[in-house]
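All remarks here apply to the structure that follows.
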Amino acid sequence: MAHSTDTEAGLRQAIEHIPHGIAMFDAALRLVTSNRRYDRLLTLPEALVRPGTPLFDIALFLGNRGDLGPGDPVRLAIERVNTLTAMPVTVTQRLGAAGQALEFHCSRLPDGGLVISFADVTDRVQAERALERMNQSLEARVDERTAALTRVNAELEAARAKADAANHDKTRFLAAASHDLLQPLNAARLYTATLIERAKSTSLGELANSIEASLTAVEDIMGALLDISRIDSGALKPVMGPVNAKDLLRKIDVEFGPLARERSIALRIVASDATLLVDRALIGRIVQNLVSNAIKYTAPGGKVLVGLRRRGNRMRLDVLDTGIGFNRDQHKLLFAEFSRLERGARMAQGLGLGLSIVQRLVTALGLTLELDSIEGRGSRFSLFLPVTRAIRPALEIEPAPGETDFGKLSLKVLCVDNERAILEAMQGLLSHWGCDVRTALSLKQIDRERLLEGWYPDLVLMDYHLDQTSGLDAIEWLRHNVGGHLPAALVTADRSAAVRTLAEDRGIAVVTKPVKPGALRAAISGLAGQRVPVGRKLA
């Protein structure tokens, strides 16, 4: 008996040290025992914490006091008892008399009794609510930031679209402006070419050559600005294809040989049989600029070397010179627009656009350009190019070097252009070359004035932008009415690949404005070889 009393006393002492309120009820739901924390948290009167007190009486007291919320205390007490006893294990929360949050854990015993433990979880509930408020605030801030980011992205997209539109507008404007500017420049160059030939060995010869040099400088600047605009706007689309390195180097020799000789510079081109996988026009432009710079900034008596050598699965195209050179700190300055080294500016005129265009083209083509230089001793620019299997390239008509003092052509040439000044200049130059020239502003004039009656042209030089039709359609009309094999060249300031492709598809040569006399002479000579003998008019 004493042992049983000691056990109960030990159990009682143990539950008093538990931090939770604990109460045990028998199968009839009458209080068996409870600890002081249970009594204190519920703030029950002494009469309700005595053993044998029904659970319902405790719930009714709490209902009357308002702990169970608004409503009929009896109904609230019944609902509370049902809630605590409905399941083998239940967990519920409610507010205490002092407004604290209480969490109840109820477990049914095997004999039908009930054990209730509960704790003050006010701090935890407040922390959870604070966390919930923080999450809600965070979500609100995220939503706000997301909305702001969406708004900024929309504004950036609108700005980008506006910038793209402005770039395209700028490109279209420059293309249109360059065409309008190249028209009078073309006429001026044709007049000047005639003047140079007629003024040879006279006091006006040097003046005519100075005018030609100035016009060439204007053309170079316009071409550079147009190239930069097309590259920056994304209008320049590389078209890769096999290119014979020998042809590329031969064109460099043809174009720059006379200039190098004139400046007493030894230009050496090292031949190569490699076949490159590149955009022919754009690579040609890069190499032209590099070689032009090398000659421009090399003193008379110096040397320029252009050649290719294999490096792994690529070819390295080198342009070396014994020119002024530069130090490593000047590398970035070299590729900046309108930037020139002081010593270079003293040696040659220019705006400093050549290497800027080279860098843009190299980037657009995804190539690698290396440079090495020693100030006062020379420079090396190296361009790494992909290679492909060998091809047999089609022969191309190369423009002759700058000299134009050839024999008489004795050809009948029809020139059509919507600019009267260009026609007059073209007639003067071609007549000086011994050609029988007839000119017209349009197809209507040809038809109205019956220019082709009794006169069959050996070839036609046709402007692309006519007032009422394109030059390509005009050539087709002439071939239909004069002869299907009429050799023809499109003379145009439009340098786009689309126009060149359309012309090539119809077997029509292309000569770009401003017309260089050497290139025009070479084109005419090539077309003359295609003409049908007189008397064999083809319908």
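The values are calculated or read from the model by the stated rules, or taken from the named source; none is laboratory data. Here the structure is a predicted model, which means the values were calculated and not measured. Glycine gets a Cβ as well: all are built from the backbone with ideal geometry, and neighbour counts include every protein chain shown.
None of 482, 491, 510 is among the β-branched types (Val, Ile, Thr) and surrounded by 21 or more Cβ atoms within 10 Å (Cβ to Cβ) except 491.
Test residue 510 against the criterion of being within 30 Å of residue 285 (Cβ to Cβ) and touching a helix residue (DSSP H, G or I) at 6+ places or on another chain (Cβ under 9 Å), and give yes or no. Yes, satisfied.
To keep it simple, each residue is scored yes or no on (1) out of contact with any Pro (no Cβ under 7 Å at 6 or more places or on another chain); (2) surrounded by fewer than 17 Cβ atoms within 10 Å (Cβ to Cβ); (3) at pLDDT below 70; (4) not in a helix (DSSP H, G or I).
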| residue | (1), (2), (3), (4) |
| --- | --- |
| 151 | yes, yes, no, no |
| 157 | yes, yes, no, no |
| 174 | yes, no, yes, no |
| 192 | yes, no, no, no |
| 206 | yes, yes, no, no |
| 225 | yes, no, yes, no |
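Contact map, the stretch 183-204: residues that are under 18 Å from residue 462 (Cα atoms) and touching a residue at least 12 places away in the same chain (Cβ under 8 Å) paired with residues that are charged (D, E, K, R) and part of a helix (DSSP H, G or I), Cβ distance under 7 Å, separation 6+ or inter-chain. Pairs shown: 185/219. Looking across the stretch 287-315 at every residue that is touching a Gly at 6+ places or on another chain (Cβ under 9 Å) and in a strand (DSSP E or B), the one that is surrounded by the fewest Cβ atoms within 10 Å (Cβ to Cβ) is identified as 303. Residues that are touching a strand residue (DSSP E or B) at 6+ places or on another chain (Cβ under 6 Å), assigned to a strand (DSSP E or B) and surrounded by fewer than 19 Cβ atoms within 10 Å (Cβ to Cβ) occur in the stretch 240-261; there is at least one.
Helices (runs of 4 or more DSSP H) fully within the stretch 340-441 that include at least 2 residues being at pLDDT below 85 and over 20 Å from residue 252 (Cα atoms): 342-347, 354-365.
Among the residues making up the stretch 84-120, a single one is under 24 Å from residue 70 (Cβ atoms), touching a residue at least 60 places away in the same chain (Cβ under 8 Å) and either acidic (Asp, Glu) or not in a strand (DSSP E or B) (or both): 120. Of 510, 515, 491, all but one fail to be in a strand (DSSP E or B) and in contact (Cβ under 8 Å) with a residue 60 or more places away in the chain; the exception is 491.
Selection over the stretch 442-455 of residues that are surrounded by fewer than 16 Cβ atoms within 10 Å (Cβ to Cβ) and outside any loop (DSSP other than H, G, I, E, B) gives a count of 4. When residues in the stretch 103-140 are screened for being over 24 Å from residue 31 (Cα atoms), surrounded by 11 or more Cβ atoms within 10 Å (Cβ to Cβ) and hydroxyl-bearing (Ser, Thr, Tyr), 1 of them pass.
With respect to (1) more than 23 Å from the chain's Cα centre (by Cα); (2) farther than 30 Å from residue 315 by Cβ; (3) modelled with pLDDT of 70 or more, the lone exception for residue 252 is condition (2).
For the stretch 16-35, the set of residues classified as outside any loop (DSSP other than H, G, I, E, B) and either within 19 Å of residue 67 (Cβ to Cβ) or touching a residue at least 24 places away in the same chain (Cβ under 8 Å) (or both) consists of 21, 22, 23, 24, 25, 30, 31, 32, 34, listed by residue number.
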